[in-house]
C-alpha cells in the first residue's frame with residue numbers, strides 16, 4: 001500500500017486536481033484576495049519554470065531571467081498601450097522579443113562557464129534596466145508604464161472576472177509545464193543532464209554543447225517573456241523594477257526553496273514564499289533578510305528544497321516498511 | 001584642458017574605490033573560485049559601520065577606520081566559516097548561490113538596522129582644494145592617499161611575507177600548495193578576512209563623499225567585476241589596472257557621450273575581454 005500512496009503519479013494527479021477545484025470551495029469574503037494571490041503565485045511559477053530549465057536542467061545559472069521576464073512584459077505592454085494591438089498578438093510578440101534578446105545575450109555569454117556566465121548575465125540585465133529607464137515616452141522611464149489593459153477575450157469568453165483569469169493563467173502554466181516536461185524526457189533532456197554534470201565529457205561524445213545551451217536558453221527566455229507579458233497585463237502597471245535582476249534573484253530563492261531541477265518545486269517554492277511574505281506583510285522590511293537567511297540555511301541543510309524533503313520522507317517510509 | 005584634467009582626477013578617485021572592492025574580489029576568487037557577490041554589500045556595510053560608530057563614540061575618523069577594519073575582518077572569517085565552508089565539497093553553483101544569499105542577508109540586515117534612508121557621514125576635513133581651474137574635495141584626496149597606502153601594504157604583504165606568498169601560491173595551484181604544507185583552511189580564512197577588511201576600508205573612505213544607502217554597493221560591484229575580469233580573475237595587479245581603466249571609461253563616456261553610455265562602456269569592455277582574452281590581461285594560462 002505504501003507504494004501506491006507514495007507513487008509520483010498519484011501525487012501529481014492530486015496536485016493538479018487541487019489546483020483545478022481549489023477556487024470552487026473558497027469562502028466568498030476572502031475569495032478575490034486568494035484568487036489574486038494564487039494567480040500571482042502562478043505567474044512567479046512561470047518565471048521559476050524558465051529559470052529551472054536553464055539552471056536546474058542545463059546547470060547554467062542565468063541572472064538575466066528577470067530582465068527577460070521584464071522584456072516580455074514591457075514589449076507586450078507597449079504594444080497594447082501605445083499601439084492598441086490585440087493582447088494575444090502582443091503576448092506572442094513579447095515572448096518572441098524575449099527569445100531574440102535571449103539569443104543576443106546567449107551567443108556571447110554561453111561561451112563562458114561558471115562564474116563568468118553568472119556575472120555577464122547579471123551585467124546584461126543591469127544594462128537592460130538602464131535602457132528601459134532611459135527610453136522615456138515609450139517605457140515611461142523610471143515612473144513606469146500605467147494603464148496596461150487586462151487580457152482580452154478569446155471568441156466570446158472574457159477574462160474580466162478573477163476566477164476566469166485564474167483559470168486562464170493556470171492553463172498557460174500547464175502548457176509551460178508540459179513543454180518543460182517533454183524537454184526533460186526527450187533526447188535533449190538527456191543531453192542537458194550530461195551537460196550539467198560534465199560539459200567537456202559531453203562535448204567529447206559529439207554533442208554540440210554550445211548549440212544545446214543556446215537552444216535551452218532561448219526556450220527559457222521565451223517562457224520568461226510569455227510569463228512576463230501575462231504578468232504585465234495582470235498587474236496593469238510596470239516599473240523598471242519589474243525587469244531588474246532582483247526578479248531573477250527572487251525566482252532563484254523560490255526555486256531553491258521548492259527544489260531545484262524538479263517540476264513540482266517550481267510551484268511549491270513560490271507558493272511557500274509568497275504566502276510567508278503575505279503573512280509577514282506588517283514587517284515588510286525583513287523580506288530581504290528573510291530571503292537571504294532562508295537561502296543560506298537551505299543551501300547548508302537542505303540543498304534539494306522541499307521536494308528533496310519529500311524524497312527523504314519517502315526513503316524513510318520505504319525503509320520503515322521493509323523492517 | 002582643465003575639464004579633461006578634472007575628469008581625469010574624478011576617474012582616479014573612482015578608480016581607487018573600485019580597486020579596494022576589486023582586489024578583495026580577486027583574492028577570494030583566486031583562493032575559492034567563488035565570485036563573492038556580497039563584496040559590494042560589505043563595502044556598503046563598511047560605510048554604515050562608520051556611520052554607526054561615529055554616532056556611538058565621538059571618536060575621530062582614523063579611529064573609526066581602524067575599528068571598521070578590525071570589525072570587518074573577523075566578520076569575513078565568520079561568513080566564510082558559516083556559509084562557504086559547509087559547501088566546499090558540493091557542486092560549485094551552490095557557492096555562487098550562497099554568495100547571493102549572503103548579499104541579500106547583509107542588505108536585509110542593514111535595512112532592518114538603519115532603515116532604507118540615506119545617512120550622512122562626516123569626514124575629517126571638509127574643505128575643497130582648487131588650483132588651475134580644477135578642484136577636488138579634501139576627502140577625495142584622502143581616498144586616493146588611503147587607497148595607495150592600503151594597496152602598497154597589500155603588495156608588500158603578498159610579495160614579501162610568508163603568509164602572503166602562501167596565498168599567492170594557493171591561488172595559482174591549490175593542490176600543489178597543499179602538498180607544500182600550506183594550511184589551506186587557514187589561508188581561505190585569511191583571504192576572506194583581507195577581502196572584507198579592504199571592502200570595509202573602502203566604505204569608510206567613500207562614506208563622507210558618496211550617498212550612503214543600502215543599495216550603494218551594487219553599482220561599484222558590477223564595475224569591480226568587470227575590472228577583475230578585464231585584469232584576469234585571481235590577479236591583484238590586473239584588478240588594480242582594470243579598476244582604473246573601468247573608472248576612466250565610465251567617467252569619460254559619461255562626460256563626452258551620455259550617462260547611459262557609462263554602463264555600456266564598462267560592460268562592453270568586459271564582453272570584449274571575455275570574447276578575445278577570457279583569462280584577462282594579467283591572467284596566465286587558462
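The numbers here are math on the coordinates, done by the rules we state, and not lab data. All of these numbers come straight from a predicted model, not from anything done at the bench. Every residue, glycine among them, receives a Cβ derived from its backbone with ideal geometry; neighbour counts consider all protein chains shown.
Before moving on, here are some points about what is shown:
- Residue ranges A:69-77, A:209-217 sort as A:69-77, A:209-217 when ordered by packing (mean number of other C-beta atoms within 10 Å per residue, highest first).
- Along principal axes, Cα extents of the protein assembly as shown, largest first, whole Å: 75, 64, 52
- Estimated D of chain B in µm² per second, where Rh is the Kirkwood radius over Cα pairs and Stokes-Einstein applies at 4 °C, 1.567 mPa s: 67 µm²/s
- Per residue of chain B, the DSSP helices (runs of n ≥ 4 H) give a summed -39500 (n - 2.57) that works out to -24500 deg cm²/dmol at 222 nm.
- As a rough guide to protection, the peptides B:165-172, A:117-124, B:19-26 ranked by mean Cβ packing within 10 Å, highest first, stand as B:19-26, A:117-124, B:165-172.
- Residue exposure sequence - A:49, B:34 - by fewest surrounding Cβ within 10 Å: B:34, A:49
- Contact order relative to length of the range B:1-153, as percent, for alpha carbon pairs under 8 angstrom and 6 or more apart: 34 percent
- Using only Cα coordinates, the Kirkwood hydrodynamic radius of chain A works out to 20.5 Å.
- Once you reduce the range A:98-172 and the range B:103-175 to the center of their Cα atoms, the two points are 37 Å from each other.
- The range A:219-303: C-alpha gyration tensor shape, a/c 1.5 cut-off, then a/b vs b/c: oblate
- Taking all pairs of distinct alpha-carbon atoms in the range A:1-104, Kirkwood radius in angstrom: 16.7 Å
- Mean residue ellipticity, 222 nm, helices only, chain A: the sum of -39500 (n - 2.57) across DSSP H runs of n ≥ 4, divided by residue count and rounded to 500, is -24000 deg cm²/dmol.
- Protection proxy ranking of A:98-106, B:265-273, by the mean of other Cβ atoms within 10 Å over each peptide's residues and highest first, is A:98-106, B:265-273.
- Global geometry of the range B:143-286, whether rounded, prolate or oblate, following the gyration tensor of its Cα atoms and the 1.5 cut on a/c: oblate
- For the segment B:258-264, counting C-beta atoms of other chains within 10 Å of every residue's C-beta and taking the mean gives 3.
- Average Cα contact separation per residue, chain A, under 8 Å, 6 or more apart, as relative contact order %: 31 percent
- Peptide A:108-116 is shielded by partner chain Cβ atoms: per residue, an average of 5 of them sit within 10 Å of its Cβ.
- As a length-normalised measure over Cα pairs under 8 Å and 6 or more apart, the relative contact order of chain B settles at 36 percent.
- 10 Å Cβ neighbours from other chains, averaged over peptide A:295-301: 6
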